[in-house]
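The values are calculated or read from the model by the stated rules, or taken from the named source; none is laboratory data. Fair warning: this is a prediction, and the values are worked out from it, not measured in the lab. Don't worry about glycine lacking a Cβ; one is built from the backbone with ideal geometry, like all the others, and counts go over all protein chains shown. Calculation scope for accessible area: heavy atoms of the full protein, side chains included, ligands and nucleic acids excluded. Shrake-Rupley method; radii C 1.70, N 1.55, O 1.52, S 1.80 Å.
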Amino acid sequence: MKHPGAPAGRSAARAAAACAVFVTMLALAAAVVFAAGAPKSTSPPAPPRVPAAAATADRPPDEPGPFRSPDLVELIALDPTLKLDIHYARKDNFTGAPVYTEARAFLQRQAGEALVRANRTLRAKGYGLLVFDGYRPWTVTRRFWELTPADKKVFVADPAKGSKHNRGCAVDLSMYDLKTGREVAMPSPYDDMTAKAYATYEGGDA
């Protein structure tokens, strides 16, 4: 859910170069996934079609097609070298309680395969991908919206519109150093809801 910031701290220049490669590959992945339409939200089926304006927080929004067929894949099944840190399966997240029963991450297959390619490119540079979240059930998106103060809702998706996470086409992640196993320093931690979480943030020591 965090807006990615520029790498900061130790080995910043090297991390920035690696991150640039990764961002480029993810952009290409997004183009592939959305070229023929993203998959419809994989939450439970919605009631009969109604105008979009009538969407409520009681059910996922009714979306026009066309859609790809849902094909969620577990990320570590695609690449066991991906490192998982699923905060939402623990208490150390902005809700203060687990929202997942298992520490697992999934994406639509094409997005997951693009992520694997990006991870392989980073590993050649001494880094690996650290995944915080992928596919997110719509009910969790609704819970995040309900728990987030009005002045912070820019950081979470409106359940009346749905989220790319609900469609398995978005991933929350960072990088880690292969030598130390430690996460690369960023301007803000995961789930941060301050100006430091924006991609346009110019602070930090990078």
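Summary of values
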item	result
Computed accessible area, LYS164, all protein chains, 1.4 angstrom probe, square angstrom	110 Å²
Net dipole in debye of region 76-186 [+1 Lys, Arg Cβ; -1 Asp, Glu Cβ; about Cα centre; nearest 20]	220 debye
Centre separation in Å (Cα based) which lies between region 75-129 and region 143-199	13 Å
